[in-house]
Structure formats: structure tokens, C-alpha cells
Amino acid sequence: MNATHYDKLKEEDFISDASIENIRIREQNPLFSLHWELKTLLYLGVMLLSTGLGILIYKNIDTIGHQVILAIIAAISIGCFAYCLKHRAPFSRERVKSPNSLFDYLLLLGCLSFLTFVGYLQFQYTVFGTNYGMATFIPMLLLFFVAYEFDHLGILSMGIANLAIWMGVSVTPAQLLSSGNFDNETVIYTYLILGLILLLAGQLSEYFNFKKHFRFSYLHFGIHISFVSLLFGYFNHYSSSLSFIWLLVLFVLAFYLYTDARKHKSFYFLLLVVLYSYIAFSIIMVRGFIAINDIGAIYLCCLYFIGSAIALIRLLIYLNKQIKAS
Amino acid sequence: MIIYNKTWLKNLDLQNQLKRAQRLGDITAEELKHMEEKYPVGFYTPNIFVRAGLFILTQIITSFAGGLLSLILSSMDELITSPGYWLFLGLISYIALELIVRRMHHFRSGVDDALMWTAAGLILSAFIGYLTIAQRNGLSAPFESYLFGFTLVLAGYFTLRFADMLMAVVSFLSLIFFLFFSRELFGVYAAAILPFLIILVSAGVYFLCIYWKKYKDYENCLTALRVFCLLIGYAAGNYFVVKEMGGMINQPLQEGEGLPLGWFFWTWTIALPFVYIALGLKRKEVILLRSGLILVAAAAFTFRNYYHIMPIEGALSIVGAALLAISYGVIHYLKTPKKGFTYEELDDDQLLDKIKVESLIVGETFSGPASAPEGSRMGGGSFGGGGSSADF
């Protein structure tokens, strides 16, 4: 704090002497936090090491003995888990604060090397035979278990992604949009079911008061996946007369999530729901304008977007105020 | 010059400091509330999600409004393709921006961001349109010189008027590009002088930023500028950049031929990041420290580009392990704060915590395990490593 600032504040007698003293002490012994720098270094370290090991194995798969490689990976994994087991806080249904970031990232490294280990086993020895479901199921189980046991949100996200892989799709948002092949109906249904499962999981964690803070991750992935798959489901059945059912489902879901987000005062989810519903609604409107098939419809379309966007801006500002006030 | 209410800006600064003091437990919540009433801020500044939402919606409005206007005017001959029309649209956006900020007191609300970038983009397009016409009639200096000269002025104006960080960065980068493209003015030795000139200019701007610290209203802009001065100043002397740029300007070097003054550029490439880090630690300045850390990676890549000591995977593993070891050592060392440094998170950013960015980044970059076998159960599944986490 600026020295002139607090002298002035003190003169005006708004801040107690004790508080001023606190500020002055902090001013005299400024502490410089290296927290974020160290955290980034840890993240980079884990990322580089796991990538490097992965490539190393891939390239030398024929030269080094398989057992040696397996042993090294297993040793890293076991070492990380051993450290985490030693330093962990006892399990609780509530949020458990991790002892430090080193713990977080070593846990991550342990999980990553375990995944490599399983993958290597499968690649070299085909332990699971051609039962690929098993080969992805076991890592997924481990990830979820570790996420709950050690309370690690990053690993929970990885677990969710692995759940998707197990179900046959990938949920990383970049992947979802770039390589998503939405022509295939099975894929759309799989996505939809996955999204709904995640939403359910989010709600259940709160209902049973079991790791309530995991709700955010579940809902984050769940909302994106369900809405995107509903929209693509609609387009996939565009010419069918029953295609509106997809959007109907979307609006019902949106309404439910909207009330839920209002209840939890989560503006992020509220924004997602509002924007996705706006997209769906606009799709109907544009379809209507196309059906008119007249030059006047283009004017109407422009006016619609201008008007609706202004209305939506007002709505968002209003909702934000409401959430803040409550 | 600045459009915002200066008292409010001052109060905002004060409030932010007091909020931090409250988070650290120095003052009580009651005192904070008291101060907020005593020093009010009338700006409309919503949180980041609202800002993003409003930004998107404003873009929708401006583009459809522009489209509608163009549609109505499209019957007129060559009107909507003329640069003057773009300028006209740009000025409309600018007027809307001024009104929104003055009347409704929007301050980094998303609406003003969107209008600002639309206005600047349209005015710049109009300028490019005029420039193309001028070029047909013969232009004395290179096209890009005019372009970046104009961007410099335009972005500089927006920076001064709206104190926007990104605009400040754009104007600084325009200055650098302007120098680069106007190199012919420096005569035949342009390629040789250019790196040193850019280094000098970056250093100059950097020290100006420090000198300008008294202008509190532009604190954000100055911080952003300093980061980019450090990065550009480094890049201008980086061996790889100098070599490639020199090759672009003059003849490319022969195989095996080194750069003139190669030792200087190599020293610059390798030593400067560490100088930044050392200075950052000594002066406890986050900007220097973080820039230095980023640039160490750049130095490593540059070095690897010319000297292959070991294969990439070995380097990755060793560097990764080394980073883990170093961080472990430092965290261990700083268990109790030493010499004014601490590992503890002093001022945890509430917002970052709320959206849990870290967990999402981890999920994004590590979610495609190398282990998943080909052809998963339901078919149609493709998987793979990282993607950007640009999903907000």
C-alpha cells in the first residue's frame, strides 16, 4: 500500500490503529511469493518428464529390455505414490487441502507413469488381449479412485476424459470440436449419454455431500458435452420432421440447469446455459427466415440478431446483478 | 486525455489495495466496507464471464447492424466497397464507444472492449483501403511502413484514451515493425544496425515505462509494455532471430558460415534470461523474473536448433527431472520464508480459484494417455494429447 494513502486514511480516522500497524509492518517486511513460478516449473517438469519418457520408450522399444523399462516406469510411479501416501492428509468427504503443490504434481506424475505402465503392458504383452475396454477401464478406475482419495481436481478431469475414451469418444474440448465426427449417430448418442452421466454425477456429489467441490468439474464437462451433442443431434436429423425434439430436450435441460445455476449462484454455468439456449433459439429463427425465402427475410434476420443480442446483454447484466445481490 | 473519471480511477486503485489488505487479514471487513462507501467507484465492471458474454454479444450486434446498413445501401454504386464507407462505420462504432463509456460508465465490461476493437479494426481497414489506392499511384516508402506507422498512432491514441493494455502492446509492436520495415532509411548497413536499434528502442521504452510510473491510471498498460519490451529486446538479439531476419533482408548466409559478431549474439541469447531472473530476484520484481523464466526456454530452443547434443527425448526427460528437482529444492528451502522470499501463496486470486483453471489445464494437456489402444470399444473414438484450453 502506498504510504501517502494510509497516512491520509488514518487522518480521516476510518481505519483502526491496529490495522494501520498491520499494514505498516507488511510494508516494512515485504514478502515476495514464488508460488506461481514454482507451480509452473512443477507443471512443466511433470509434462516434460512424462513426454520424454513416453518418446524414449516408444523409440527404444526394441533395444532396451522390456522388463527394465517396465521396472523404471513402475519405480517412478511407486515412488510418487509413496511420497503422496506419506504426506497425505486423511481422507474426508469434504474438501481436503493438499499439503503443497509438490504433492499435487507428484501425484500427477505418479498417475501419468501408471498410465504409461498399463499402456506399455498392453502394447508389449497384450495382457488384456483384444479386450480394449478393459485396457481403458482400469486406468479410468484408478484415476477416479486417486482423484477421490487424494482430492485432486486435475486428476478428476483426466478421469473424466478417460471415461470418455472408454465410452469411445474424447472429451477434451479442442478434440471435441476439431476432430468430432458427428455424422455418426452412435457417437452423438454416446456423447449425450456421457454428458448426462456427468451432469448426474455432479448433482449426486452434492446430494450425498460427497466431495461437493467436484461438482464444478462434472458440470463443466457435462454442460458442454450435452449441449453440443444435442445441437449436433438436431443437425443430424435436420430434414426429419421430428428434429425439433432435440431442441425441445435442449430447452428442458437448459431450464433445469438454469434454475440450478441460479440456486448455486454460479454465473459461469448460467452464462453457458444462456448462450447455448440462445444458439438453439437462433437456429430455429434462422430456419424460419430461410423458410420465408424472400429478400425481406434477410432484413428481418439482421433485425432479429441486433434486437435479441441487445435483449440478451440486458438479461446478462440483470442476472449478474441478481446473483451478486442475493 | 483519459476518458474515465479520474477520481473513480483513484478510488478503484485504493479499493483494490484495501481489498488485498483485507484478504491478507490486515484490515477488517467492516473497515473495508466503510472505505468502499467513503471512496465509491461508479464504473460498471462485471466479472470475466459477463465480460466475455457481453463481448460476444456486442460483436454480434455490431456485425449485424453493419450488415443491415450495408444491405440497405448496397444499391448505391460502389459505396460499400469504398474505404470511406469503412471509415464511416468505424467512426459510428467509435461514437457508440464514447457514449457507452461516458453515459453508462462501462469500464472493461466487454461492451467497450468489443466496440473499441471494432472501431480500431474498421478505421485501420479504411486506411489500408486508401493506402492501396495510393500505392497504385506510386508510393515513396514501403507499404508496411505506412501501415505500421498508422497502427502505432491509432493504437497509441486508444491506449491514451481508454488505458487498454492490449492496445498499448499493439502500439509498441507497431513501433518495432515500423522500424523493421523502414530500415531502408538507415542506408546500406540496415541489416547490421537493426538488431541494435531494436534493442535500444526496447530498452528506451522500458526505462520510459519506469519513469512514467507516476501516471497511476496507466499502470496496467505500463506493466504490459514492460513485459513486451523485455521480450522484444531479447528477441532482437537472439541468435536465431538475427540470423533468420538477416537472411530475409540480405542474402542468406552460406552453409557453415557464422553471423558476424556471433559471440555477441550468443552471449545475448544465453545470458540475458539469467540476467533477467537474477535482477528479478534481487529487486523482487515479478515482471523481470517471469520474463526471464519464459526466455530460458527460448534460449534452450535456440541452442538446440544449432547444436544437437542429445536426442530430444533424452533432453526432455533430463530437463523435466531437473525442473522437478529444482522446484523441490526451492520449496524445501523456502519452508520458512528466507530473505524476503516465501513459497506461500500470499494473495490468492479469488477468480482463478473459482473457475479452477489449473485443473482444467491439467485435464486438457494430460488427458490423452499414450496408453489407450487403437480402436476403442464404441468405435469412432479418436484421442490425442493436448489442446489449448481456450474454452471459456
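Some points to look at:
- A 1.4 Å probe run over the range B:1-97, with the rest of the protein chains in place, finds 53 Å² accessible per residue.
- Distant-in-sequence amide H partners of A:F32 (H built 1.01 Å from N, under 5 Å): B:F341, B:T342
- Among B:T7, B:T223, the order of accessible area from largest down is B:T7, B:T223, computed with a 1.4 Å probe on protein heavy atoms.
- Listing of the range A:186-220 residues, each with accessible area lower by at least 40 Å² in the full protein assembly than in the chain alone (probe 1.4 Å): A:F216
- Restricting the range A:182-286 to trypsin sites (Lys or Arg not before Pro) that sit in a DSSP loop and have at most 13 other Cβ atoms within 10 Å of their own Cβ leaves A:K265.
- In the range B:151-251, the portion of solvent-accessible area held by carbon and sulfur atoms comes to 74 percent [1.4 Å probe, whole percent, DNA, RNA and ligands not counted].
- Rounded FRET efficiency, nearest 0.05, which uses the C-beta distance separating B:L173 from B:N137 and R0 of 30 Å: 0.55
- Under the convention that each Lys and Arg Cβ holds +1 and each Asp and Glu Cβ holds -1, the size of the dipole of the protein assembly as shown around its Cα centre is about 1100 debye.
- Prolate/oblate/rounded call for the protein assembly as shown, Cα gyration tensor, a/c under 1.5 rounded: rounded
- Counting Cβ atoms of other protein chains within 10 Å of each residue's Cβ and taking the mean over peptide A:300-308 gives 4.
- In Hz, Karplus ³J(HN,Hα) per residue of the range B:199-204 (6.51, -1.76, 1.60; θ = phi - 60°; x = Gly, Pro): 4, 5, 5, 4, 4, x
- Against the criterion of solvent-accessible heavy-atom surface with a 1.4 angstrom probe, B:E344, B:E244 sort, most first, into B:E344, B:E244.
- Dipole magnitude (debye, nearest 20) for chain A, charges at Cβ of Lys, Arg, Asp, Glu: 420 debye
- Theoretical ellipticity at 222 nm over chain A - DSSP helices of four or more residues, -39500 (n - 2.57) apiece, nearest 500: -27000 deg cm²/dmol
- For the range B:44-187: rounded, prolate or oblate by the Cα gyration tensor [a/c cutoff 1.5]: oblate
- Computed on chain A, with alpha-carbon pairs under 8 angstrom and 6+ residues apart, the relative contact order is 10 percent.
- Dipole of the protein assembly as shown, positive end: most advanced residue of B:M76, B:L147, A:L219 [Cβ charges, Cα centre]: A:L219
- The mean accessible area for residues of the range B:118-163, using a 1.4 Å probe and ignoring ligands and nucleic acids, is 47 Å² per residue.
- Reach of B:K282 by Cα under 25 Å, taken over lysines that are not fewer than 8 positions away in the same chain: A:K39, B:K213, B:K214, B:K216, B:K335, B:K338, B:K339
- 10 Å Cβ shell holding at most 13 others, DSSP loop, GluC sites (Glu not before Pro): longest site-free stretch of chain A: A:95-326
- The range A:233-326: C-alpha gyration tensor shape, a/c 1.5 cut-off, then a/b vs b/c: oblate
- Take the accessible area of B alone and of A alone, subtract that of the pair with a 1.4 Å probe, and the total buried over both chains is about 8600 Å².
- Accessible-area composition of the range A:17-122, carbon plus sulfur, in percent [1.4 Å probe]: 65 percent
- The distance separating the Cα centre of the range B:92-109 from that of the range B:50-85 comes to 18 Å.
- Karplus-derived HN-Hα couplings along the range A:204-210 (A = 6.51, B = -1.76, C = 1.60, θ = phi - 60°), whole Hz, x at Gly and Pro: 5, 4, 7, 4, 8, 6, 10
- Residues whose placed amide H lies under 5 Å from that of A:R88, excluding near-sequence neighbours: none
- Solvent-accessible area per residue, Å², over chain A with all protein chains present [probe radius 1.4 Å]: 47 Å²
The values are calculated or read from the model by the stated rules, or taken from the named source; none is laboratory data. Quick caveat: nothing in here was measured; it's all calculated off a predicted structure. Ideal geometry is used to build each Cβ from the backbone, glycine not excepted, and the neighbour counts take in all protein chains shown. Ligands, DNA and RNA are excluded from the accessible area calculation, which covers all protein heavy atoms including side chains. Shrake-Rupley method; radii C 1.70, N 1.55, O 1.52, S 1.80 Å.
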